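Asker: Here you go, one structure.
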């Protein structure tokens, strides 16, 4: 009797169903308006910590300037003449005083300008963003307002009053739309507030802040990300 062995691929971990979460929609003066249901596939998934780590690490690496530079022996000024005769001195032969072993000489194997960018698949970047948003939503650190239409002129005082009325403390990420130029100028002088365009929201900025403030226009939905 012969035994038959079958090969099975890796079994994927059963993923829990996305959690359904809702946020109270408010006005700038803190008045509660309605309750908004957040998209479960964006704000209700289980955060993937491995993907978050890899994407944020790549994002921080891309911020490095990579402009450090050292001169090699051929780039250092001087040293064109042979320092002494090839033979007869009792010392090791030398071709230039700008060799790495001399003071003031070139640097051997020193750093040169380079890029630290890492290629990250778009699906991983999107999963990391959804994981970060879901983490903040699970901590009830997502706020939604109807918009900044009532602000006609930019005033930092109005921005401070609005944040106090909404009960937002700590470091705040304000997601703005294209028509929110007044709000951008009102928030830009606040040290604890970072403004970002709705199309540039990323996992690092989400996790770097204590609160995320969306408007009706900038709140992510499944239709926009499909």
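Asker: Quick check on the range 41-48. Is at least one of its residues touching a strand residue (DSSP E or B) at 6+ places or on another chain (Cβ under 6 Å), surrounded by 11 or more Cβ atoms within 10 Å (Cβ to Cβ), assigned by TED's automatic domain parsing to the domain that holds residue 164 and touching a residue at least 40 places away in the same chain (Cβ under 8 Å)?
Answerer: no
Conditions tested, residue by residue: (1) within 30 Å of residue 67 (Cβ to Cβ); (2) in contact with a strand residue (DSSP E or B) (Cβ under 6 Å, 6 or more places away or on another chain).
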{"position": "80", "(1), (2)": "yes, no"}
{"position": "91", "(1), (2)": "no, no"}
{"position": "124", "(1), (2)": "yes, no"}
{"position": "145", "(1), (2)": "no, yes"}
{"position": "157", "(1), (2)": "no, no"}
{"position": "169", "(1), (2)": "no, no"}
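Asker: Every residue in the range 77-106 that is surrounded by 15 or more Cβ atoms within 10 Å (Cβ to Cβ) and within 47 Å of the chain's Cα centre (by Cα), please.
Answerer: Of everything in the range 77-106, those that are surrounded by 15 or more Cβ atoms within 10 Å (Cβ to Cβ) and within 47 Å of the chain's Cα centre (by Cα) turn out to be 79, 97, 98, 99, 102, 105, 106.
Asker: So, one more: Would it be correct to say that residue 58 is closer than 30 Å to residue 135 by Cβ, in the same structural domain as residue 137 (by TED's automatic domain parsing) and free of Cβ contacts under 8 Å to residues at least 12 places away in the same chain?
Answerer: In short, no.
Asker: Kindly indicate whether residue 17 is closer than 20 Å to residue 138 by Cα, assigned to a loop (DSSP other than H, G, I, E, B) and not assigned by TED's automatic domain parsing to the domain that holds residue 164.
Answerer: yes
Asker: Evaluate the range 188-195: report whether one residue or more is out of contact with any strand residue (DSSP E or B) (no Cβ under 8 Å at 6 or more places or on another chain), surrounded by fewer than 20 Cβ atoms within 10 Å (Cβ to Cβ), within 21 Å of residue 219 (Cα to Cα) and modelled with pLDDT under 95.
Answerer: No: zero hits.
Asker: Got at least one residue in the range 109-117 being in contact with a helix residue (DSSP H, G or I) (Cβ under 9 Å, 6 or more places away or on another chain), farther than 30 Å from residue 218 by Cα and surrounded by 12 or more Cβ atoms within 10 Å (Cβ to Cβ)?
Answerer: Looking for residues that are in contact with a helix residue (DSSP H, G or I) (Cβ under 9 Å, 6 or more places away or on another chain), farther than 30 Å from residue 218 by Cα and surrounded by 12 or more Cβ atoms within 10 Å (Cβ to Cβ), one finds at least one in the range 109-117, hence yes.
Asker: Any residue that is at pLDDT below 90, buried (at least 17 other Cβ atoms within 10 Å of the Cβ), under 26 Å from the mean Cα position of the chain (by Cα) and more than 22 Å from residue 208 (Cα to Cα) - is there at least one of those in the range 19-31?
Answerer: The answer is no, given that none of the residues of the range 19-31 is at pLDDT below 90, buried (at least 17 other Cβ atoms within 10 Å of the Cβ), under 26 Å from the mean Cα position of the chain (by Cα) and more than 22 Å from residue 208 (Cα to Cα).
The values are calculated or read from the model by the stated rules, or taken from the named source; none is laboratory data. As the structure is a prediction and not an experimental result, all values here were calculated from the model. Please note: Cβ atoms are built from the backbone with ideal geometry, for glycine as well, and neighbour counts cover all protein chains shown.
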